[in-house]
1. Work out how much length Q142 to V189 would gain on full extension: take 0.36 nm times their residue separation and subtract the Cα-Cα distance, in nm to one decimal.
2. Got a sec to turn the phi values of the stretch 67-75 into Karplus ³J(HN,Hα) couplings, 6.51 cos²θ - 1.76 cosθ + 1.60 with θ = phi - 60°, whole Hz, x for Gly and Pro?
3. Hey, can you grab everything whose amide H is under 5 Å from the amide H of V196? Only 5+ residues off in sequence or another chain; H modelled, so Pro and N-termini drop out.
4. Can you give me the long-range amide H partners of V34? Hydrogens built in the peptide plane at 1.01 Å from N, cutoff under 5 Å, separation of 5 or more residues or another chain.
5. Tabulate in residue order the Karplus-calculated ³J(HN,Hα) for the stretch 163-169, using 6.51 cos²θ - 1.76 cosθ + 1.60 with θ = phi - 60°, rounded to whole Hz; enter x for Gly and Pro.
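Where a number appears in this text, it was derived from the coordinates with a stated rule and is not lab data. This structure is a prediction, so every number in the text was calculated from the model and none was measured.
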Amino acid sequence: MGETNFYGPYEQLSQGFAYGVPVAAPQNTNVVVVSDVFCCPYPLELTVKKTCKGLSGAKLEVVDLKSNVVLRVDGPHNSFNKKRVLRDPAGYPLLTMREKLTSLNHKWTVHRGEGSDPMELMFTVQRSHPIQWRARLDVFFQSNHVGNFSVVGTYLDDSAKVYLDDALIAEVKEKSAFGGFFKGKQDFVVRINAGVDYAFIVSLLVILSETNSIF
């Protein structure tokens, strides 16, 4: 499948690619949403770590195999007005994710940067059905695009997978011994295919976790 690039070029970040292990991939599906800066030519394993929770708010760090911080996530603790900001390692806001409280499907809006200007709305994410035995989110873009994205989580084995149409492009690979992904009490590892925007993938997994738990 060819490159899917929804938005224009993003300013090149100084850290370059996240560190991974270059291997021959059976399929290289290029997916660019936030920026091609976040697309590596090899599969990645990133760890999402909770660094803080409580009254000071929610804070996550995303690190690569060499423990380099490649992304950060923060937001207020107030669960009645959920807002999460995805940042680069230097703290620059990339995306802001907000939950719409009036939505039965737990709809989230995702804007570029830290504002809420309708012109900066990139995509929305919502449950496929208000009541679900298996967590599933559908992604809707503002512009025309090729393919449909979905996120599917399974409560029983505490896993999550991201699909482009029927192709698996990322998944939560394993869990620690401290709790479950859906309980919001642990670090988790996500494996991302070569050529797939890992900032976009992390934003979807953060929303999936938020729709089923409170930091």
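1. Values: separation 47, 0.36 × 47 = 16.92 nm, distance 2.94 nm.
Full extension of this stretch gives 14.0 nm more.
2. Here the 3J(HN,Hα) series is 6, 6, 6, 10, 8, 10, 9, 9, x Hz.
3. The answer is V31, C40.
4. F200
5. Once θ is set to phi - 60°, the couplings for the stretch 163-169 become 10, 10, 6, 9, 8, 6, 10 Hz.
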